[in-house]
Amino acid sequence: MAPQRAVQLSLKKPTYAVCVVGVETYVDVHSDVPEGAETFRVSGSSGLEVFVVYDPARVTAPTDKTHWPLDASVDVTVSVDTASKDLNDLKVQVSYFGQHQGGAMGHSVLYLTGVDISLDVDTHRTGKVRRTQGDKKTWHWGPEGHGAILLVNCDRDSFRLRGQDLANSQLASLKDLQDMSPMVLTCDGPDELFNSHKLVLNVPFPDSQRVRVLRAGGGNSLSDYKRVLGPQHLSHEVERRPGEQKINFYVEGLTFPDADFLGLVSLSISLVDTGTLPEVPLFTDTVAFRMAPWIMTPNTQPPLELYVCSVMDSQDSNEKFVYVMNELAWKANCKLIICPWTENRNDRWIQDEIEFGYIEAPHKSFPVVLDSPRNRGLKDFPYDRILGPDFGYVTREIPFAGASSFDSFGNLDVSPPVSVGGKEYPLGRILIGGSFPKSYGPHMSKVVRDFLQAQQVQAPVELYSDWLSVGHVDEFLSFVPASDQKGFRLLLASPSACLKLFQEKKEEGYGEAAQFDGLKYQVKRTINEMLVDRSLRNDSLYVQKCIDWNREVLKRELGLTEQDIVDVPQLFSLKGSNAEAFFPDMVNMVVLGKYLGIPKPFGPIINGRCCLEEKVRSLLEPLGLHCVFIDDYLFYHQLLGEIHCGTNVRRRPFSFKWWHMVP
């Protein structure tokens with residue numbers, strides 16, 4: 001209920017006022033009273049509700065409910081349920097009486113005009129605008145929450161435009177209206193009333209940089225939609241045509257939540273009396289929106305598109321690798337998209353350049369690619385080739401300094417949905433890598449971390465990855481779906497598991513079986529040689545300590561147990577003070593549903609089979625997964641990357657609605 005407005009009566013002449021439907025108007029029966037009057041009687045015409053409000057602890061109600069004492073604890077309010085047909089067609093009369101209640105000592109008359117003013121949006125998150133009498137100016141999370149949602153209009157629906165839709169002040173495509181949230185202004189009342197009153201749409205100054213409002217003119221051409229609010233446009237006098245009862249608007253989001261923006265914006269409509277100086281707002285209705293967050297999708301979500309770069313060096317190309325990716329995508333029933341070398345400039349690390357996510361409102365959802373600030377050969381690909389109709393784009397640039405390896409998105413992952421100590425994370429938690437806590441080493445840039453944190457729905461966790469040469473979390477962890485009740489497993493690279501496996505094979509009599517057997521560009525190393533290589537062992541055990549530290553963080557922050565973790569055999573060696581995978585890093589895989597594209601480790605061949613591959617199969621195939629080992633040695637592993645680094649996957653959005661959670 002909106003605050004009451006006071007109307008002061010006069011014994012000498014009628015008073016005229018406007019009463020907004022659903023809003024109680026306070027009638028001052030105490031200011032102008034005949035001398036000696038002790039009681040009053042109030043009556044109203046049909047279509048008008050009159051209430052006498054009093055404190056029963058201080059005032060005794062008259063038995064006939066008509067002659068009320070002129071006590072400060074007795075007030076009168078009036079309200080209307082529908083708009084008036086004519087000006088001043090509602091009447092309130094107040095009569096005053098003396099002690100003996102003979103004839104009235106005087107009368108006050110109030111003429112009212114009922115007007116229906118309401119600004120409405122999809123407060124109940126059903127996908128449609130409904131008239132709302134309750135609280136519209138606040139926004140609440142949760143399944144019982146309320147408040148409307150805006151999409152950031154970050155796609156490009158018309159190829160006539162060079163940039164994103166949000167960068168263009170004028171509508172370029174009628175389809176673009178689907179990316180906006182509808183808003184309806186009800187303005188019913190006598191036409192004559194609007195000769196002396198106006199409707200003003202307002203946006204607070206900070207919000208004016210974050211939203212744009214278009215008015216629908218009723219036609220089907222682009223010119224029928226006019227921008228009325230937005231940057232440099234804080235208010236708009238709404239032109240109401242005679243007899244017009246509903247005016248439609250579309251609200252467009254311009255910016256994602258960030259460190260300086262919680263994501264909340266508001267708009268309001270005011271009914272202003274132009275017959276006073278200064279002009280007085282008689283009534284204001286306010287609605288609140290929250291900008292939809294950018295949401296990442298974990299490996300457990302079904303794949304829709306697999307991205308890979310075609311690259312070429314002076315001697316060869318990765319044509320065979322791309323061919324195998326095509327076969328894997330076909331098995332997983334997803335589309336393969338190849339970025340040609342002419343567009344990637346031989347930058348093959350597409351995982352580092354971009355991260356796929358999506359935004360969603362009750363009426364619309366579409367994917368949005370987050371472009372990293374690394375700005376290497378692939379820097380133009382997401383904007384030039386991915387941005388398009390119903391495919392948005394967002395980026396965060398690093399001011400005054402270049403990006404580090406920590407800003408590449410191989411260093412950005414997200415867990416499946418988890419529950420931690422009774423706290424639910426139905427959209428999972430974002431994982432990023434950095435330096436050891438409390439150290440002054442490198443981290444992902446603040447502008448990117450602030451952006452991820454500001455989305456609120458996937459509370460980030462920072463891990464320790466600075467011990468790696470490249471420094472990315474995807475070098476030691478991955479998530480895979482599982483066909484059991486848990487629904488997923490966390491895979492961790494494990495030097496200890498690898499050394500244990502090799503020791504077992506030695507004891508079984510296979511000590512002369514060799515790592516890298518058959519790989520022409522790498523010297524073979526027998527199991528016996530690797531086990532006695534003190535440097536390799538010490539390096540791997542150091543790495544194991546680093547991974548174990550992260551293991552405890554992941555168990556604590558994701559609510560995991562040891563049963564939720566699978567140790568994947570992997571050795572590392574130190575180059576200087578940083579670790580690199582000794583053989584292709586198997587956790588750095590691409591996950592396409594139940595099909596896993598795993599770097600071929602070229603492990604020791606025992607009974608015609610790679611013992612490393614066989615171990616991984618034994619760990620993952622019972623979960624309902626299919627392991628496909630792929631040679632990435634020359635074009636990826638030797639350049640300190642693997643399959644995950646050289647691929648990217650757009651996945652199906654969550655069925656869970658983000659606004660149902662409580663951050």
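Quick one: Debye curve from the C-alpha atoms of region 476-615, no solvent, what's log10 I(q)/I(0) at q = 0.17, 0.19, 0.20 Å⁻¹?
-0.98, -1.18, -1.26
Would you mind getting me the FRET efficiency between residue 401 and residue 261? Use the beta-carbon distance for r and R0 = 22 Å, nearest 0.05. Don't jump to the answer; show the numbers that get you there.
Details: r = 23 Å, r/R0 = 1.04.
That pair, residue 401 with residue 261, gives E of 0.45.
Mind checking which of 521, 553, 630 is farthest towards the positive end of region 295-660's charge dipole, using Cβ charges of +1 (Lys, Arg) and -1 (Asp, Glu) about the Cα centre?
553
Expressed in nm to one decimal, what extension gain is obtained for the pair residue 483 and residue 66 from 0.36 nm per residue of sequence separation less their Cα-Cα distance?
Taking residue 483 through residue 66 to full extension adds about 142.7 nm, to one decimal.
May I ask you to compute the full-extension gain from residue 12 to residue 346, defined as 0.36 nm times their residue separation minus their alpha-carbon distance, rounded to one decimal in nm?
Details: separation 334, 0.36 × 334 = 120.24 nm, distance 8.85 nm.
Separation in residues times 0.36 nm, less the Cα-Cα distance, equals 111.4 nm.
Pull out the extension gain between residue 330 and residue 135, defined as 0.36 nm times the separation in residues minus the alpha carbon to alpha carbon distance; nm, one decimal.
Details: separation 195, 0.36 × 195 = 70.20 nm, distance 5.06 nm.
Result: 65.1 nm gained on full extension.
Starting from the 7 Å offset along Cα-to-Cβ, what nm value, one decimal, do you get for the label separation of residue 662 and residue 575?
My value for the distance between the label points is 5.0 nm.
Mind putting together the pair-distance distribution for region 589-663? All Cα pairs, 5 Å bins, whole percent per bin, short to long.
3, 13, 18, 18, 17, 11, 7, 6, 4, 2, 1
If amide H atoms are built 1.01 Å from N in the plane of the peptide, which residues on other chains or at least 5 residues away come under 5 Å of the amide H of residue 91?
The list, which skips near neighbours in sequence, is 45, 112.
To the nearest 0.05, what FRET efficiency results for residue 58 and residue 195 with a Förster distance of 60 Å applied to their C-beta separation? Show your work: numbers first, answer last.
Values: r = 44 Å, r/R0 = 0.74.
For residue 58 and residue 195, the calculated efficiency is 0.85.
Please compute the contact order of region 446-599 in relative form: average sequence separation of alpha-carbon pairs under 8 Å and at least six residues apart, divided by the residue count, as a percent. Walk me through the intermediate numbers first.
On the way: 208 pairs, mean separation 44.8, N = 154.
Averaging sequence separation for qualifying contacts and normalising by length gives 29 percent for region 446-599.
Taking a 23 Å limit on the Cα-Cα distance, which of the listed pairs 12/198; 364/657; 320/500; 320/520 fall beyond it? Before the final figure, lay out the partial values.
Numbers: 12/198 29 Å; 364/657 12 Å; 320/500 34 Å; 320/520 17 Å.
Distance filter (> 23 Å) returns 12/198; 320/500.
What percentages, rounded to whole numbers, describe P(r) for region 295-660 computed over all alpha carbon pairs with 20 Å bin width beginning at zero?
30, 61, 9, 0
Helix-only mean residue ellipticity at 222 nm, the chain, DSSP H runs n ≥ 4 weighted -39,500 (n - 2.57), per residue, nearest 500. What is it?
On the way: 10 runs with 92 residues, N = 663.
Rounded to the nearest 500, the figure is -4000 deg cm²/dmol.
Would you please put 53-61, 594-602, 444-452 in order of how densely packed they are, using the mean number of other Cβ atoms within 10 angstrom per residue and starting with the highest?
Working: 53-61: 11.0, 594-602: 24.3, 444-452: 19.6.
My ranking of the peptides, most packed first, is 594-602, 444-452, 53-61.
At a Förster distance of 35 Å, what's the computed FRET efficiency of residue 273 paired with residue 126, Cβ-Cβ distance as r, to 0.05?
Working: r = 35 Å, r/R0 = 1.00.
The computed FRET efficiency comes out at 0.50.
When the C-alpha atoms of region 5-116 are aligned to their principal axes, what extent does each axis show, in angstrom, from largest down?
So the extents along the principal axes, rounded to whole Å, are 40, 32, 22.
At what distance in nm do the modelled label points of residue 111 and residue 532 sit from each other, each positioned 7 Å from its Cα along Cα→Cβ?
11.2
Write out the chymotrypsin sites (Phe, Trp or Tyr not before Pro) in region 486-579 meeting two conditions: DSSP loop, and at most 16 other Cβ atoms within 10 Å of their Cβ. Write out the running numbers ahead of the final one.
On the way: sites: 488, 502, 510, 516, 521, 542, 549, 572; in loops: 510, 516, 521.
Here the chymotrypsin sites (Phe, Trp or Tyr not before Pro) that fit, given the DSSP loop and packing criteria, are 521.
Along the positive direction of the dipole of the chain (beta-carbon charges: Lys, Arg +1; Asp, Glu -1; about the Cα centre), which of 572, 186, 427 reaches farthest?
572
Throughout, read-outs are computed from the coordinates displayed, never taken from laboratory work. Note that the coordinates shown come from a computational prediction; the quantities given were computed from them, not determined experimentally. Every residue, glycine among them, receives a Cβ derived from its backbone with ideal geometry; neighbour counts consider all protein chains shown.
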